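Peer 1: What follows is a structure written as C-alpha cells; I'll ask about it next.
The values are calculated or read from the model by the stated rules, or taken from the named source; none is laboratory data. Being a predicted model, the structure only gives us computed values, none of them experimental. No Cβ is skipped: glycine too gets one built from the backbone with ideal geometry, and neighbour counts run over all protein chains shown.
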Amino acid sequence: MATTHFDYLIVGGGMVADTAARGIRELDADGSIVILSDDVDEPYTRPALSKKLWTDDEFTWEKVPLGTAGDTAADIRLRTRATAIRPESHEVDADGHSFTYGKLLLATGGHPVPLPIEDRSGGERALTFRTAADYRRLRALSEEVERIAVVGGGYIGSELAAALVQNGVDTVLVHTGAVLGDAVFPASLAERFEKLFRDAGVEIVAGSKVEGGEADADGIRLMLEGGDEVRADAVVSGLGIEVATDLAEAAELTVDDGVVVDAQLRTSVDDVWAAGDVASYPDRLLGRRRVEHVDNANEMGRAVGRNLAGAGEPYTHTPYYYSAVFGIRYEAVGTLDSSLETVEDWIDPDRGVVFYLDGDRVVGVLLWNVEDARDAARAVLAEADTLTRDDLVGRIR
C-alpha cells in the first residue's frame, strides 16, 4: 500500500475542514495539509443549501464554494473515505492508500438519518438532505414534480418546507409534534410559527411518525403510525444526523455522544484533535456539549487549526444557531427546550426575547427578529448565577 506523509491530515471535508486549514495557515505558512473528503464537492457554505439558494436570487451557486484549496494550498482528496486510524503509528487508511501525519483532525460530522421506507427509486424520489449534491437533486425535483413531502419538524425540515413552498411546490410537512416548533418554542410562539407555514400554503401533518412506506419511479407513499398515509411525488428527510464516531471508536478514542475533547479540542489520544458536529467539548458557559451548527463549525474549526499548528489556546466561544423562514429570523444561544420555564420579553408583536430557565438559572436565550444581540445573550448566560427573573425583562433590546 502506497504511503504519503502530510504535516496535517484532516478527515472530513465540510466547513470545519475549511476553517481549520485557514487556522493552520495563521501560524504555519508552509506545513503540508491534506483533507480527505467523501463528498463530491470541495468545502462549501452548508447553510445556503436550505436557505439563501432558495430565497435570494442574488445568492447564486458560485458563492457556495469556500475556496479552501486556493486560499490554503490544502491538498483536497474528494470521494475519499477514511476507513481506519492507527494513532500509535500516526497512520490513516483511505480507499487503498495509507497516509501518515504529524497532527490529525477528525471533522467527520454526521450522516443524515434516513427514512424507514423501501426505496426502489435509487434515491431519485427519496432523499436525505446534507450535501450540495442533495441540494442539487432536490432543486431539480422541485422543478420536475408537483408535490414533495418533507419529514421532520426541526430547523432543517422547517427550512426545506419553507424553501419548497416559496418556489411553487405543493409541500406537505410531516412531523411528530402537536404544533410545529413546540419542542423548542413556548406554546403561543409555536402556534405563531406554524401559522407562517399554513398561511404560505404548506400542508402540515402533525403528531405523526413515519413508520414505513415505499418510493419508486412514480412517487412515494409514507405509512404513518396509526395507519394514515401521505402520498407525494418525492420525499426529503430532515430528521437530523447520526454522529460519525465509528472511526474514533475503532481507534479507541474516548467517545460519549461525540468524540470527547478537552478545552484545546484534543482527544484522548496524542496528536489527534476533533472539532465540529462530532466533538463533545467543554463550553465555558454551558458545560460539556456537542453543537451541530455553522457558527460552531467556523469558530471551532479556526481554533482547532491554530492548535494543530501549536497555539495551545482554549476554545472559549459559546456558539449560536439561527434559522430564517418567511421573513423572520431567530437566533439561539444555549438550551432551548419548551419543557423549561420561560420568561418572555416582547419588544413588539414581531420582535422579542425568550429566556429559558432551569430552576431559577437561565440556560438558553432565544432572539426572535432581534439583531446584534448574541453577545448580550452570552452575557446573560455568563451571569446566570447572579440574575433574578426580574433582571431579565428589558435586559436585551
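Peer 1: Out of everything in the stretch 238-265 that is among the small types (G, A, S) and assigned to a loop (DSSP other than H, G, I, E, B), what residue ends up being nearest to the chain's Cα centre (by Cα)? Let's see the steps before the verdict.
Peer 2: Quick first cut of the stretch 238-265, residues among the small types (G, A, S) only: 238, 240, 244, 248, 250-251, 258, 263.
Right, trim to assigned to a loop (DSSP other than H, G, I, E, B) and you get 238, 240, 244, 251, 258, 263.
Working: G238: 11, G240: 8, A244: 13, A251: 25, G258: 14, A263: 21 Å.
The extreme case among them is G240.
Peer 1: Conditions: (1) small (G, A, S); (2) more than 19 Å from V165 (Cα to Cα); (3) at pLDDT 95 or above. G201 meets all but one. Number of the miss?
Peer 2: Exception for G201: condition (2).
Peer 1: What's the number of the condition S268 fails, among (1) crowded, with 18+ Cβ neighbours inside 10 Å; (2) farther than 14 Å from H317 by Cα; (3) polar (S, T, N, Q)?
Peer 2: Only one criterion in (1) crowded, with 18+ Cβ neighbours inside 10 Å; (2) farther than 14 Å from H317 by Cα; (3) polar (S, T, N, Q) is unmet by S268, namely (1).
Peer 1: Considering each of Y330, Y321, Y356 in turn, give the residue that is under 20 Å from F185 (Cα atoms), in contact with a Gly (Cβ under 7 Å, 6 or more places away or on another chain) and hydroxyl-bearing (S, T, Y).
Peer 2: Going through Y330, Y321, Y356 in turn, the sole match is Y356.
One line per residue, one yes/no per condition, for (1) among the acidic types (D, E); (2) in contact with a Ser or Thr (Cβ under 7 Å, 6 or more places away or on another chain); (3) closer than 21 Å to F129 by Cα; (4) assigned by TED's automatic domain parsing to the domain that holds G213:
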residue	(1), (2), (3), (4)
E26	yes, no, no, no
S32	no, no, no, no
D56	yes, no, yes, no
K63	no, no, yes, no
T68	no, no, no, no
L78	no, yes, yes, no
A84	no, no, no, no
H90	no, yes, no, no
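Peer 1: Would you pick out the residues in the stretch 369-397 that are of a type in the set (A, V, I, L, M), outside any helix (DSSP H, G or I) and under 18 Å from P186 (Cβ atoms)?
Peer 2: Of all residues in the stretch 369-397, those of a type in the set (A, V, I, L, M) come to 370, 373, 376-377, 379-382, 384, 387, 392-393, 396.
Those still in the list that are outside any helix (DSSP H, G or I) too: 370, 373, 384, 387, 393, 396.
V370, V393, I396, listed by residue number.
Peer 1: A further question on this structure: If I ask for residues that are charged (D, E, K, R), part of a strand (DSSP E or B) and either surrounded by 16 or more Cβ atoms within 10 Å (Cβ to Cβ) or on the phi > 0 side of the Ramachandran plot (or both), which ones from the stretch 94-125 would you list? Reasoning before the result, please.
Peer 2: Within the stretch 94-125, the subset charged (D, E, K, R) is 95, 103, 118-120, 124-125.
Okay, now just the ones that are also part of a strand (DSSP E or B), so 103, 118-119.
K103, D119 - these are the residues of the stretch 94-125 that are charged (D, E, K, R), part of a strand (DSSP E or B) and either surrounded by 16 or more Cβ atoms within 10 Å (Cβ to Cβ) or on the phi > 0 side of the Ramachandran plot (or both).
Peer 1: For residues that are exposed (fewer than 14 other Cβ atoms within 10 Å of the Cβ) and farther than 19 Å from A373 by Cα, scanning just the stretch 333-357, find the one that is farthest from the chain's Cα centre (by Cα).
Peer 2: E341
Peer 1: While we're looking at this one, here's another question. Please go through the stretch 139-153 and pick out each residue that is polar (S, T, N, Q) and either crowded, with 24+ Cβ neighbours inside 10 Å or modelled with pLDDT under 95 (or both). Working first, answer last.
Peer 2: We begin by selecting, within the stretch 139-153, every residue polar (S, T, N, Q); these are 142.
Listed by number, the list is empty, since nothing qualifies.
Peer 1: Quick check on this structure: which one of I156, I85 is modelled with pLDDT under 95 and either within 30 Å of G352 (Cα to Cα) or in a strand (DSSP E or B) (or both)?
Peer 2: On inspection, the qualifying residue turns out to be I156.
Peer 1: Inside the stretch 116-152, can you point out the residues that are among the β-branched types (V, I, T) and touching a Pro at 6+ places or on another chain (Cβ under 6 Å)?
Peer 2: T128
Peer 1: Collect the residues in the stretch 266-290 that are under 19 Å from the mean Cα position of the chain (by Cα), part of a loop (DSSP other than H, G, I, E, B) and closer than 19 Å to R306 by Cβ, keeping them in residue-number order.
Peer 2: Hit for the stretch 266-290 is A275, nothing else.
Peer 1: If I ask for residues that are surrounded by fewer than 24 Cβ atoms within 10 Å (Cβ to Cβ), outside any helix (DSSP H, G or I) and of a type outside the set (A, V, I, L, M), which ones from the stretch 292-318 would you list?
Peer 2: Listed by number, the residues that qualify are E292, H293, G310, G312, E313, P314, T316, H317, T318.
Peer 1: Now for a different question. L366 - would you say it is of a type in the set (A, V, I, L, M, F, W, C), part of a loop (DSSP other than H, G, I, E, B), out of contact with any helix residue (DSSP H, G or I) (no Cβ under 7 Å at 6 or more places or on another chain) and closer than 29 Å to W54 by Cα?
Peer 2: no
Peer 1: Sort through V165, V235 and tell me the only one that's surrounded by 14 or more Cβ atoms within 10 Å (Cβ to Cβ) and assigned to a strand (DSSP E or B).
Peer 2: Numbers: V165 fails: assigned to a strand (DSSP E or B).
None of the other options fit; the residue is V235.
Peer 1: Could we say that E242 is over 24 Å from A133 (Cα atoms) and of a type outside the set (F, W, Y) here?
Peer 2: Answer is no for this residue.
Peer 1: Restricting to the stretch 331-363, give me the number of residues that are in a strand (DSSP E or B), touching a Ser or Thr at 6+ places or on another chain (Cβ under 9 Å), closer than 18 Å to G394 by Cα and touching a residue at least 24 places away in the same chain (Cβ under 8 Å).
Peer 2: Here the count works out to 8.
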